[in-house]
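Remarks on the structure that follows.
The values are calculated or read from the model by the stated rules, or taken from the named source; none is laboratory data. The structure displayed is predicted, hence computed values, not measured ones. Cβ sites come from the backbone with ideal geometry, for glycine too, and all protein chains shown count toward neighbours. All accessible areas refer to the heavy atoms of the entire protein, side chains included, with ligands and DNA or RNA removed. Shrake-Rupley method; radii C 1.70, N 1.55, O 1.52, S 1.80 Å.
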Amino acid sequence: MPLCFVFVPFQIFLRGKYKLFPIEMAASTSISFYTSNGAIGVPKVSKSHKIFMSRYPELFSKKPVNCARVCSSADFTALRSSFAVKPLQLEGNREARQKFGVLCQAVGLKNGHANSFSVGQKFQLDDVIEAQQFDRDTLSAIFDVAREMEKVEKNSPGSQILKGYLMATLFYEPSTRTRLSFESAMKRLGGEVLTTENAREFSSAAKGETLEDSIRTVEGYSDIIVMRHFESGAARRAAATAEIPIINAGDGPGQHPTQALLDVYTIEREIGKLDGITVALVGDLANGRTVRSLAYLLAKYKDVKIYFVAPDVVKMKDDIKDYLNSRNVQWEESANLMEVASKCDVVYQTRIQKERFGERIDLYEEARGKYIVDRNVLSVMQNHAVVMHPLPRLDEITVDVDGDPRAAYFRQAKNGLYIRMALLKLLLLGW
Amino acid sequence: MPLCFVFVPFQIFLRGKYKLFPIEMAASTSISFYTSNGAIGVPKVSKSHKIFMSRYPELFSKKPVNCARVCSSADFTALRSSFAVKPLQLEGNREARQKFGVLCQAVGLKNGHANSFSVGQKFQLDDVIEAQQFDRDTLSAIFDVAREMEKVEKNSPGSQILKGYLMATLFYEPSTRTRLSFESAMKRLGGEVLTTENAREFSSAAKGETLEDSIRTVEGYSDIIVMRHFESGAARRAAATAEIPIINAGDGPGQHPTQALLDVYTIEREIGKLDGITVALVGDLANGRTVRSLAYLLAKYKDVKIYFVAPDVVKMKDDIKDYLNSRNVQWEESANLMEVASKCDVVYQTRIQKERFGERIDLYEEARGKYIVDRNVLSVMQNHAVVMHPLPRLDEITVDVDGDPRAAYFRQAKNGLYIRMALLKLLLLGW
Amino acid sequence: MPLCFVFVPFQIFLRGKYKLFPIEMAASTSISFYTSNGAIGVPKVSKSHKIFMSRYPELFSKKPVNCARVCSSADFTALRSSFAVKPLQLEGNREARQKFGVLCQAVGLKNGHANSFSVGQKFQLDDVIEAQQFDRDTLSAIFDVAREMEKVEKNSPGSQILKGYLMATLFYEPSTRTRLSFESAMKRLGGEVLTTENAREFSSAAKGETLEDSIRTVEGYSDIIVMRHFESGAARRAAATAEIPIINAGDGPGQHPTQALLDVYTIEREIGKLDGITVALVGDLANGRTVRSLAYLLAKYKDVKIYFVAPDVVKMKDDIKDYLNSRNVQWEESANLMEVASKCDVVYQTRIQKERFGERIDLYEEARGKYIVDRNVLSVMQNHAVVMHPLPRLDEITVDVDGDPRAAYFRQAKNGLYIRMALLKLLLLGW
């Protein structure tokens, strides 16, 4: 790993609320920098020229800040790769750091990293907490990286880009499917995994540790945390605490953003576009966070038409309908799956969740049998259209559909791998 | 990893029901091939010369088909290493693939792989489902590879042959001993592991996913699945579904083929031969699938004599006795462990399984104390003979036997590692 | 990895009870060696010059014995790196090995290993069982290695020193925090991990395998075992059985030596010294094995003063007080946390363990609220002093303390990583 250290004036692009604001930094004698709120400062520079103190913690994202040297002298052409400023000590909270300063170091990034997957100095991705955090451009950029990930082969250079990185899967409730997908993604990129499926033990009744304390402990052992929790909002609390990136792998009835991303990615990959598509959301639209997140994300694209096909007891709720109206997205409710299927690019089927019906098994049985995707439905679908499902399925898609090329649900599950590989790459190495 | 791509006519050896039938393939302009049922075809070849379409899915085993280039021109001598044809997309079932074709790519294999462990183009091992699938020659070939595995040392070249491969241990019931043995085997060869011991969650009562759907999901995340299940026949169902290799690590009262293999391997390694040996099977012969599988495999060898020494309530069942008769294997029942031990090459002791006796603890206690291997038994055994046990043991072998060199049971457990290393190598890289 | 094999006379330094006694060994023709009890022998040497038989198992520690070649010939200067004698077969117990001999091999060690982390041929560390096994010099040496570990960076040479080694985490009761710390340590050094948190299944009521048998099985799969057990003394029994190193990660009410080591390491790292310090142990001093082990270790240093600040129901017990008296360590009990805090270098707070109070919740609530470290306590503490806690905490340290630079408890948890990295390095590679 060739490292190139910075001895010349350069620029840092700030992150977060400060946006990408250039900062002049003369590391050889002093470092002067400007923030978007007008502050200016000259941190002390050690005589090694590469270690310095800063009291501006907002400079330092959770990962090394990608920098671009602006010195145009021919002498330094060889150094024109990307490099980073790394805080050496991040103990204490932000106030403590502003008071006492943060010891920093300018470090080079591996050339290989910078070249192999760089898609430009777009923006900073710190955590993945909820589907709403992604705008259309970000989604498009993530999908670009996911497509690169599909090409990562065993023992190809790309398969080792996360070598030396450790991911902790901190699952407060088990979800084998999601956990295996993340762990496979990390290992496909050469990274290592610390697994825990009984994270609840951290905060057992007897011991009562807060989530924040658990996160502070685990972040000492790992470089990124993939967290599943039973409480809505837990991922956001973890991200606020952690100095390392957090990925929400589902927090109770809240968010499951990587599922939403892989759904949209699958539609683009199968249909070839996201603008102008027609999508049927079928099944349990009241309780499924999957279809709710998907509706939200589809609203970011142009000329999308959504059909809701659901038994009466699990109809799509008004908040989503109102949101779609506010975004001028066309939607329609229908009880005729055959007619809808014939018009759609995507039939997105979901499982009726028995556990939501309590003792009203009769209502469950009625809802469950109402809209089944079988070969009859397939026979009216267009040739280019696809059937999707977040899995697991029961019998809401019959097994004889599996052999049809339009059955996309296992490809969809596989796409989860590529989306998670892309997110791990983006959070740990940047764009 | 130097890759050599194929631009010249070459041969593919078909697999499975088509046996090793040579196929002429001129990848530079067209690929013509013949199957054993007389079909002939010319798949489309892309202009890149290395990506082509095929509607002959039977060409493609679960792993790259080992090929041998037949071009004798001196110009291509340097390319004479093995290479493979890899399907690029395996979505959909076989019918879908025959209808729409499979996009294929000719890829080179690492030179190192081809040389270091190749023992000839013997045959294809796709899955490990049951002891009966192995004939005498296959067993002998697997044992050859296992002996090579005993030499694989830390940081030796052989210790990285599975680098980049991912094994999923999909355990529907916990079996720490078996799981650790497989995971150690995979890691000793440089591979990585995805662990799940609560795979039952995949098919929880509430969710009800089929085994087939779970397998289709997990195979998207891994290169090989080691499966333990509570239902007999589950491994066979998984293998029928999966495009990647399946190893049965025990399916309920059914099979545990890797245990049977390591038992026979241990006998050969300890005694030096398998033909002409005398073996005593002691303990619970009615319920132990281990001794039943072992009797079955021993019947493949010549002049084997088997003694059954079991309490009356757990005697060997007639199906095995009938099978041994049909193969002309000599067997005898005896109640005199001392006399039998003095004649045998192998005394294979097993645990009386308390859980099989239900409320009849009296019968259990009577059966349990009946045939104990202790120093008295050792004293009549021949010098070259060994005591084996599938472990765990209670007190059916006394602890003071452990120090005797003829106590082979911990070496036997260690041999499980080598057998599993061999199977992983064979299933992922071929012979 | 350049290997240099030994074809010339060399010396082996014996271990354990034989201390570092030099042994002449002429591997080219014969190997003569002397033990400290006067025995002398000439093991057979195979014609390969590097494989030989020995009936002196005491020669062979659990890991390769570090040797130093004494041949002074200039011809062999290039070979002057360290090498090792490795037993090839360790089956059977010690008596069996003395009777039948052990097949051995002289093997070279990686140059990189010998250079990068070697801190001299100090002594042999075979197992980590209890805090008492470490004297002052050993502690200091371990801390030297731990400080080196703080510098091990991703993809730095040091980050791969345990490549090819397998650690088994054999946890008979779950302890996510401890397990993750060990697994992170192993992976940060390039090693691999076999995880089991349900090791109790090995010895389930139905199966009843002894701990010793379980250890013999697991040591066949791994190079080192990190064990947590519910019974005091279990780690010692495991170490007596195992041929590979055992680390005690807590055995019931017994020992948790790596916690004690990281506590002392943290004090040295934060305060800069161990002699002459003043430490307050606060909270549950009756039940916490952490503070008891810490008091024991602090007694090894000079001019240490210890304050005990505990609610009456969980006061420090007499055995520790007597021990401190016997070592002339000054101690004092106090009920005034503010006064003590103003004098101390370290305030070591602990959690009142609710589970110890049974149904007397009233006593628990009274004890729990008595000594809280909050900003008031901080305000009287000296600038250089620190607050420590073994974690998890409830509210015995208020959250508003976290931001103060003197809050050392999350740094303390992180130090556990470095201590465990150091121990793994020492046990697997030696000094």
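Taken together, the residues in the stretch C:231-255 that are out of contact with any Lys or Arg (no Cβ under 8 Å at 6 or more places or on another chain), over 22 Å from B:Asp395 (Cβ atoms) and surrounded by fewer than 24 Cβ atoms within 10 Å (Cβ to Cβ) amount to 4.
The single condition from (1) without any contact (Cβ under 8 Å) to a residue 40 or more places away in the chain; (2) in a loop (DSSP other than H, G, I, E, B); (3) over 22 Å from B:Gln259 (Cβ atoms); (4) within 14 Å of chain C (Cβ to nearest Cβ) that B:Asp395 fails is (3). Scan the stretch A:398-410 and give yes if some residue there is more than 13 Å from chain B (Cβ to nearest Cβ), open to solvent by 30 Å² or more (accessible area, probe 1.4 Å), acidic (Asp, Glu) and assigned to a helix (DSSP H, G or I), otherwise no. Among the residues of the stretch A:398-410, not one is more than 13 Å from chain B (Cβ to nearest Cβ), open to solvent by 30 Å² or more (accessible area, probe 1.4 Å), acidic (Asp, Glu) and assigned to a helix (DSSP H, G or I), which makes the answer no.
Considering the stretch C:287-325, the residues that are of a type in the set (A, V, I, L, M) and either open to solvent by 30 Å² or more (accessible area, probe 1.4 Å) or in contact (Cβ under 8 Å) with a residue 40 or more places away in the chain (or both) include one that is nearest to C:Leu378 (Cα to Cα), namely C:Val309. Per the conditions (1) at pLDDT 90 or above; (2) within 18 Å of the chain's Cα centre (by Cα), the sole criterion not satisfied by A:Ser175 is (1). Is the stretch C:163-186 home to any residue that is farther than 30 Å from B:Glu355 by Cβ and among the acidic types (Asp, Glu)? Looking for residues that are farther than 30 Å from B:Glu355 by Cβ and among the acidic types (Asp, Glu), one finds at least one in the stretch C:163-186, hence yes. Quick check: is even one residue across the stretch B:380-397 under 25 Å from the mean Cα position of the chain (by Cα) and open to solvent by 50 Å² or more (accessible area, probe 1.4 Å)? Checked the stretch B:380-397: no residue is under 25 Å from the mean Cα position of the chain (by Cα) and open to solvent by 50 Å² or more (accessible area, probe 1.4 Å). The combined condition, being within 14 Å of chain A (Cβ to nearest Cβ), under 29 Å from C:Lys302 (Cα atoms) and surrounded by fewer than 18 Cβ atoms within 10 Å (Cβ to Cβ), is not fulfilled by C:Asn415. If the condition is being touching a residue at least 40 places away in the same chain (Cβ under 8 Å) and outside any helix (DSSP H, G or I), then the stretch C:370-385 contributes C:Lys370, C:Tyr371, C:Val373, C:Met381, C:Gln382, C:His384, C:Ala385. Residues in the stretch C:328-356 that are within 14 Å of another protein chain (Cβ to nearest Cβ) and either in contact with a His (Cβ under 6 Å, 6 or more places away or on another chain) or assigned to a loop (DSSP other than H, G, I, E, B) (or both): 5 in all. Of the helices (runs of 4 or more DSSP H) lying entirely inside the stretch C:158-249, those containing at least 3 residues that are away from chain B (no Cβ under 11 Å) are C:176-188, C:234-241. For the stretch B:292-327, a residue qualifies if it is in a helix (DSSP H, G or I), of a type in the set (D, E, K, R) and closer than 24 Å to B:Lys354 by Cα, and the qualifying residues are B:Arg292, B:Asp312, B:Asp318, B:Asp319. Restricting the first member to the stretch A:263-286 and to residues that are open to solvent by less than 10 Å² (accessible area, probe 1.4 Å), and the second to residues that are assigned to a strand (DSSP E or B) and hydroxyl-bearing (Ser, Thr, Tyr), the beta-carbon pairs closer than 6 Å and six or more apart or on different chains are A:Ala280/A:Tyr307; A:Leu281/A:Tyr348.
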